[in-house]
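Structure, as structure tokens:
The values are calculated or read from the model by the stated rules, or taken from the named source; none is laboratory data. This is a predicted model, so every value here is computed, not measured. No Cβ is skipped: glycine too gets one built from the backbone with ideal geometry, and neighbour counts run over all protein chains shown. Remember, those area values only see protein heavy atoms, side chains included, never the ligands or the DNA or RNA. Shrake-Rupley method; radii C 1.70, N 1.55, O 1.52, S 1.80 Å.
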Amino acid sequence: MSQPDVLALREYLGPELKGRTISDARHVISLTDILGHSCLIGRYRELSGRSVMLATSGQLQSALAMIELDGIARRMLLCPPDLDPDHIEALLADAEIDAIVTDRPLHRCDDGAYLVVGAGLPERPGAGWKTERATEWLMLTSGTSGPPKIVGHTLDGLAGAIIADGAARYQNATWATFYDIRRYGGLQIFLRAVIGGGSMVLSEPREAIVDHVARLRAGGVTHISGTPSHWRKLLMSSAVADFSPRYVRLSGEIADQAVLDGLARAFPQASIGHAYASTEAGVGFAVNDGREGFPADLIGRNRDGVEMKVVDGSLRIRSHRTARSYVGTGAPQLTDAEGFVDTGDLVELRDERYYFVGRRTGIINIGGLKVHPEEVETVINRHECVRMSRARSRRSPITGAIVVADIVLADGTDAGRHETIRTEILSRCNDALAAYKVPAVIRFVERLDLTAAGKLTRADA
Amino acid sequence: MSVKLRIFSAMQQIAEEQKVTLPQLRDDLALQDTGFDSLAFAILVARLEDDLGIDPFTIAEDAAFPSTVGEFIRAYENVPA
């Protein structure tokens, strides 16, 4: 029951492209002859038409299983590494999972209710599978509060921006991302590597940045993507000096001018783009002019079939790249009646350009006046000694809340200069921001943590 | 530095940042005559909490906010450390 009109990942993995690989810190797997092999162990031939949860310890096993099962399974649910075990039972039910692919012992799901198939390296002969169907790709939202929502995509929608860019231009690219490929931002890069005919170097959890960059260089990485927070961390490290990618991409958070300029200085040979995408809305657009924000003429219907509008200050997107729905009983509507996804990202129009000002849910309320932490951080990040900053709310008995800022200074900043720098930052904030937006307290910290999705940790994220 | 001097020093710092001209600080000066608005007081209370380790206005739920500089200082002096 082969469906020639449905494209699955295997269609992009013919033997004609030589030398393609996917690697992590331990293994380098050839993609050239991947279709002749199977990474699955046990009764894997029964996975056809099943709703499969991919719950592997590493990204590599998931990547190989995605390649093997796309077009075969009814559904694939990608489990990111930080998934709370307490949520798994509800996810299994909501996604109607009946098979699990894993390389770990199962504690809660080994009662025979699920077909359990092992995941390993492609060391066994392949099943010779032909694409049978358009597999549903299920991903989890990355919010930190409450159980994650399941978001349903198709490969067609996930790859929309890649095809629109002209996948073939990436044929000699080796991709990397600081993200985990089991989340939307990382999956985009994995798909760019597979569909574009390139190779990929995967990230490793808790790997020191120096070691990661050494692997990126050894793997010949040419195209690399991460959040602005990821990039700020890299720019802080001396490892950046030895690395020279051709294409640098930012997504997942607001790319402010300071980080764009920092990257342009660090990688003078690279083209630098920031993309707007979310698990629900898909890829909206990419901006390659080196400036923060995006041109106002992207609002409306653009040539790639993506339609955007701004309602009540928030960006709304409609395209075939948006997710099809939330999955599960009692799941909320993902789009409005007209098919638009409300991204919750607020924008402001200034001089024919839209600028992101923050998330609707992240607003700090100072005695009734609203502050976006991101607008404060943007001003702070312009100071040449600042590497990263986080503005946040602190409760106040007078105004309900005040803005405070945690700041990471550049390596080697003399501690004796802290007071001067604090005064300079406050003075710049006073010049650029309304008084209630100026941080009441500035704290210099050694580091700021990122979430598993590579975003700055915010209490209200 | 005494609690009083630390409070005065923090007030002068905030007055400079906010471009407020502070009158001579005395115990009987009404807080509303300091030139500080509620935001300036919010900043002051936050910084004093970092400096002195206490926020007397959050600890005591029913505490009336002081009306003079002297009462403000006593709120800090009277909190058991």
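For every residue, the table says whether it meets (1) within 30 Å of the chain's Cα centre (by Cα); (2) under 12 Å from A:VAL386 (Cβ atoms); (3) within 14 Å of chain B (Cβ to nearest Cβ).
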position	(1), (2), (3)
A:ALA410	yes, yes, no
A:ARG417	no, no, no
A:ARG422	no, yes, yes
A:ALA435	no, no, yes
A:LEU448	yes, yes, no
A:ALA452	yes, no, no
Do you know which residues across region A:418-437 are assigned to a helix (DSSP H, G or I) and in contact with a strand residue (DSSP E or B) (Cβ under 9 Å, 6 or more places away or on another chain)? A:HIS418, A:ILE421, A:ARG422, A:ILE425, A:LEU426, A:CYS429, A:TYR436, A:LYS437
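Tell me, which residue of region A:39-49 that is buried (at least 22 other Cβ atoms within 10 Å of the Cβ) and modelled with pLDDT of 95 or more is farthest from A:PRO15 (Cα to Cα)?
Taking region A:39-49 and keeping what is buried (at least 22 other Cβ atoms within 10 Å of the Cβ), we get A:39-40, A:44, A:47.
Among the residues that remain, those that are also modelled with pLDDT of 95 or more are: A:39-40, A:47.
Working: A:CYS39: 18, A:LEU40: 20, A:LEU47: 25 Å.
Step by step, filter region A:39-49, then rank; the result is A:LEU47.
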In region A:373-397, anything over 25 Å from the mean Cα position of the chain (by Cα), open to solvent by 20 Å² or more (accessible area, probe 1.4 Å) and within 14 Å of another protein chain (Cβ to nearest Cβ) is listed as A:SER393, A:ARG394, A:ARG395, A:PRO397
Residues in region A:222-236 that are under 15 Å from the mean Cα position of the chain (by Cα) and either hydroxyl-bearing (Ser, Thr, Tyr) or assigned to a helix (DSSP H, G or I) (or both): how many? 6
Kindly check whether there is at least one residue in region A:345-363 that is within 14 Å of chain B (Cβ to nearest Cβ), within 24 Å of B:SER38 (Cα to Cα), surrounded by 15 or more Cβ atoms within 10 Å (Cβ to Cβ) and of a type outside the set (D, E, K, R). no
Could you check, for region A:136-143, whether at least one of its residues is part of a loop (DSSP other than H, G, I, E, B) and among the polar types (S, T, N, Q)? yes
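Listed here are the residues, each with its yes/no results for (1) in contact with a Gly (Cβ under 6 Å, 6 or more places away or on another chain); (2) within 30 Å of A:SER319 (Cβ to Cβ); (3) without any contact (Cβ under 8 Å) to a residue 40 or more places away in the chain; (4) small (Gly, Ala, Ser).
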residue	(1), (2), (3), (4)
A:ASP351	no, yes, yes, no
A:PHE356	no, yes, no, no
A:ILE364	no, no, yes, no
A:ARG387	no, no, no, no
A:SER393	no, no, no, yes
A:ALA401	no, no, yes, yes
A:ASP414	no, no, yes, no
Pairs under 6 Å by beta carbon, first residue among the small types (Gly, Ala, Ser) in region B:1-30, partner in a loop (DSSP other than H, G, I, E, B) and surrounded by 15 or more Cβ atoms within 10 Å (Cβ to Cβ), six or more apart or different chains? B:ALA15/B:LEU22
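Quick grid of which residues meet (1) open to solvent by less than 20 Å² (accessible area, probe 1.4 Å); (2) part of a strand (DSSP E or B):
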site: A:MET66; (1), (2): yes, no
site: A:LEU91; (1), (2): yes, no
site: A:VAL117; (1), (2): yes, yes
site: A:GLY120; (1), (2): yes, yes
site: A:GLU123; (1), (2): no, yes
site: A:ALA127; (1), (2): no, no
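Among the residues of region B:1-26, count how many are open to solvent by 50 Å² or more (accessible area, probe 1.4 Å) and either basic (Lys, Arg) or closer than 14 Å to A:SER427 by Cβ (or both). If you could, list the steps in order and put the result at the bottom.
Looking only at region B:1-26, we keep the residues that are open to solvent by 50 Å² or more (accessible area, probe 1.4 Å), and these are B:1-2, B:4-6, B:9, B:12-13, B:16, B:19, B:21, B:24, B:26.
From the residues that got through so far, the ones that are either basic (Lys, Arg) or closer than 14 Å to A:SER427 by Cβ (or both) too are B:4, B:6, B:13, B:16, B:19, B:26.
Number satisfying all stated conditions: 6.
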Return the pairs, sorted by first residue and then second, in which the second residue is of a type in the set (D, E, K, R) and in a loop (DSSP other than H, G, I, E, B), the first residue lies in region A:262-282 and is farther than 30 Å from A:LEU140 by Cα and in contact (Cβ under 8 Å) with a residue 60 or more places away in the chain, the beta carbons are less than 9 Å apart, and the residues are 6+ apart or on different chains. none
For A:GLY400, the lone unmet condition from (1) modelled with pLDDT of 90 or more; (2) over 23 Å from the mean Cα position of the chain (by Cα); (3) closer than 29 Å to A:LEU450 by Cα is (1)
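Could you identify the single residue in A:LEU60, A:LEU54 that is in contact with a helix residue (DSSP H, G or I) (Cβ under 9 Å, 6 or more places away or on another chain), within 27 Å of A:VAL6 (Cα to Cα), at pLDDT 95 or above and buried (at least 19 other Cβ atoms within 10 Å of the Cβ)?
Values: A:LEU60 fails: in contact with a helix residue (DSSP H, G or I) (Cβ under 9 Å, 6 or more places away or on another chain).
Going through A:LEU60, A:LEU54 in turn, just one is in contact with a helix residue (DSSP H, G or I) (Cβ under 9 Å, 6 or more places away or on another chain), within 27 Å of A:VAL6 (Cα to Cα), at pLDDT 95 or above and buried (at least 19 other Cβ atoms within 10 Å of the Cβ): A:LEU54.
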